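Note sheet for the following structure.
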Amino acid sequence: MNRLSVAVIGGGAAGQMAAIRAAQNGHRVTILEKNEKLGKKLFITGKGRCNVTNDCGRDGFFANVIRNPRFLYSAYAAFNERDMMAFLEQNGCPVKVERGQRVFPVSDKSSDVQRALDRALKAAGVEIRLNTDVQGIRTAGSAVTGVDADRGAETFDRVILTTGGLSYPSTGSTGAGFSMARALGHTVTDLYPSLVPLETVESWPFALSGITLKNVRLTAKRGEKTLYAEQGEMLLTHFGVSGPLVLTASAYMAEDPAGVSLFIDLKPAIPEEELHARLQRLIQENPKKAVGGAFSGVLPTRLLDAVFDQARIQPWAPASSFTKEQRQSLVSALKGMRLTVKGARPFSEAVVTRGGVSVKEVKPSTLESKLISGLYLAGEILDVDAFTGGFNLQIAWSTGALAGGSI
């Protein structure tokens with residue numbers, strides 16, 4: 001087999017795995033990374049703990065891929081979550097499985113994941129060039145010949161493009177790879193932030209910024225159509241809402257989330273009839289108190305005030321005057337605090353980018369470009385994305401492994 005020179009543009013998750021696999025195949029591999037270190041985004045994933053993958057099996061993985069799951073069949077077959085877990089263990093980073101089958105390093109330190117990759121890169125003989133900004137990919141006809149970087153032009157036999165998307169631009173994901181792909185004739189679909197916090201029209205969450213709502217049910221609707229409904233945890237912020245439920249819901253809202261209605265069931269475990277009875281009992285037990293005092297144990301005070309406001313109930317009114325109609329209004333608010341989505345937060349706060357290089361122009365069996373011979377693409381630059389829980393990182397590992405291993 002010819003020993004080829006391979007450039008990997010971008011040293012994130014996909015790029016490092018691609019480099020390792022290509023080098024293990026006997027090629028001379030160079031990672032060209034514009035940051036001062038590799039894996040910059042890895043250090044901030046999972047709140048610094050790095051949710052490396054999800055131990056959910058094949059069906060679970062594909063159920064969590066939002067766009068173009070079929071395109072990933074070969075990549076997943078080449079390198080799945082068990083392969084990734086074994087890779088980390090073999091390279092000195094033991095892992096553990098937590099709630100929701102999420103996989104983390106035992107140490108809870110993302111730096112240990114990067115150290116494992118560093119060991120594998122060194123063992124495979126990969127050359128790493130940091131602080132190197134690539135501006136373009138050189139071609140002759142429809143074949144790769146090298147790259148144009150800030151240090152000048154350089155010849156390579158193969159190029160793997162793994163520059164990421166637009167999410168977290170502070171880590172280097174500035175969209176440069178999309179420009180390079182477009183310059184070579186590739187189609188880049190419309191790009192949107194996904195798994196992203198949402199801004200709301202209503203201002204009541206702003207005053208409650210920092211409050212976490214646990215064990216609530218969030219329903220997202222566009223008109224009468226339910227887009228998403230799930231129970232879990234969410235966060236009230238100075239601009240609207242965030243947290244696991246909200247990030248996942250955002251992925252169901254298509255290109256423009258504006259106008260989507262959110263309904264928060266603050267008491268999902270209690271049926272309406274039972275909640276009616278409980279509120280009536282509190283009134284009977286506290287007839288001399290104000291309404292706010294009678295219901296003080298139902299929710300934290302600041303949140304309860306927001307519920308009263310939506311229900312149009314005056315908390316200082318005497319409990320003895322509380323009517324059946326008011327009780328119905330309060331129950332409706334507790335079971336469905338309503339918010340209207342104004343829009344999504346920017347790419348800088350999104351977990352992933354929705355959209356990317358069209359998968360119709362990439363061979364799914366090898367991840368080589370159908371347009372440019374010798375060009376491979378992997379990771380977030382492709383038009384594939386998934387829900388939270390380690391699935392997007394697994395896409396990066398799988399596609400990186402397939403791209404590098406195909407050379």
Residue-ordered couplings for region 238-246, obtained by feeding phi - 60° into the Karplus form 6.51 cos²θ - 1.76 cosθ + 1.60 and rounding to whole Hz (Gly and Pro as x), are 6, 10, x, 9, 8, x, x, 4, 5
Starting at the first residue of region 95-106, write each ³J(HN,Hα) from the Karplus equation 6.51 cos²θ - 1.76 cosθ + 1.60 with θ = phi - 60°, in whole Hz, x for Gly and Pro. 10, 9, 10, 10, 3, x, 6, 6, 9, 10, x, 4
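Net charge within 11 Å of GLU98 by Cβ-Cβ distance, Lys/Arg positive one each and Asp/Glu negative one each, not counting GLU98 itself? Don't skip to the end; give the middle numbers.
Numbers: positive: ARG49, LYS96, ARG99, ARG102; negative: ASP55, ASP108.
Result for the neighbourhood of GLU98: +2.
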Given charges at Cβ of Lys, Arg, Asp, Glu: region 179-333 dipole, positive-most of ALA317, LEU235, THR219: ALA317
What pairs in LYS41/LYS122; LYS41/LYS342; LYS40/LYS363; LYS96/LYS342; LYS96/LYS214 have C-alpha atoms more than 30 Å from each other? LYS96/LYS342
Chymotrypsin sites (Phe, Trp or Tyr not before Pro) within region 62-124: which are DSSP loop residues with at most 14 other Cβ atoms inside 10 Å? none
Between PHE43 and GLU349, with labels modelled 7 Å along Cα→Cβ, what's the label distance in nm to one decimal, could you check? 2.3 nm
Using modelled backbone amide H atoms (1.01 Å from N, in-plane), which distant-in-sequence or interchain residues come within less than 5 Å of ILE160's amide H? ALA7, VAL8, ILE9, TYR376
Charge tally for neighbours of ARG67 with beta carbon under 13 Å away, counting Lys, Arg as +1 and Asp, Glu as -1, is -2
Just want the ordering: THR174, THR353, THR340, from fewest to most Cβ atoms lying within 10 Å of their own Cβ. THR340, THR174, THR353
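Multiplying the sequence separation of ARG58 and ALA77 by 0.36 nm and subtracting their Cα-Cα distance, what value in nm do you get? Each step should come with its number before you reach the end.
Working: separation 19, 0.36 × 19 = 6.84 nm, distance 0.90 nm.
Stretched fully, the ARG58-ALA77 segment lengthens by 5.9 nm.
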Report, ordered by chain and residue number, the lysines lying within cross-link reach of LYS370, taken as a straight Cα distance under 17 Å and ignoring same-chain residues fewer than 8 apart. LYS360
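What ranking of TYR376, TYR228 emerges when the number of other C-beta atoms within 10 Å of each C-beta is taken as an exposure proxy, fewest first? Provide the component values of the computation, followed by the final result.
Working: TYR376 28, TYR228 18.
If I rank by nearby Cβ atoms, fewest first, I get TYR228, TYR376.
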Expressed in angstrom and rounded, the centroid-to-centroid distance over alpha carbons for region 22-81 and region 85-111 is 14 Å
Once amide H atoms are placed 1.01 Å from N in the peptide plane, what residues at a sequence separation of 5 or more from SER373, or on another chain, have their amide H within under 5 Å of its amide H? ALA143, VAL144
For percent of Cα pairs over 34 Å apart, several values are listed as (1) 38; (2) 54; (3) 31; flag the one computed from this structure. (1)
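R0 = 45 Å: FRET efficiency of THR340 with SER365, Cβ-based, nearest 0.05? Numbers along the way, then the final one.
Working: r = 45 Å, r/R0 = 1.00.
Efficiency, from the Cβ-Cβ distance: 0.50.
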R0 of 22 Å, Cβ-Cβ distance THR155-GLN24: FRET efficiency to nearest 0.05: 0.45
Quick check: net charge around GLN24, other residues with Cβ under 14 Å of its Cβ, Lys/Arg +1 and Asp/Glu -1? +4
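How about region 217-263: which GluC sites (Glu not before Pro) there are in a DSSP loop, with at most 15 other Cβ atoms within 10 Å of their Cβ?
Within region 217-263, the qualifying GluC sites (Glu not before Pro) (loop, at most 15 other Cβ atoms within 10 Å) are GLU224, GLU255.
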Can you give the calculated 222 nm mean residue ellipticity of the chain, where each DSSP H run of n ≥ 4 adds -39,500 (n - 2.57) and the sum is split over every residue, rounded to the nearest 500 deg cm²/dmol? -9000 deg cm²/dmol
Signed unit charges on C-beta, dipole axis of region 188-309, positive-most listed residue VAL298, SER194, LEU262: VAL298
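GluC sites (Glu not before Pro), restricted to region 34-89: which are DSSP loop and have at most 14 other Cβ atoms within 10 Å? Walk me through the intermediate numbers first.
Numbers: sites: GLU36, GLU81, GLU89; in loops: GLU36.
Those satisfying the criteria are GLU36.
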Using the count of nearby Cβ atoms within 10 Å as a rough guide to exposure, how do HIS27, HIS238, HIS276 rank from fewest to most? HIS238, HIS276, HIS27
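Readers should treat all values here as calculations from the given coordinates under stated rules, not as data from a laboratory. Here the structure is a predicted model, which means the values were calculated and not measured. Don't worry about glycine lacking a Cβ; one is built from the backbone with ideal geometry, like all the others, and counts go over all protein chains shown.
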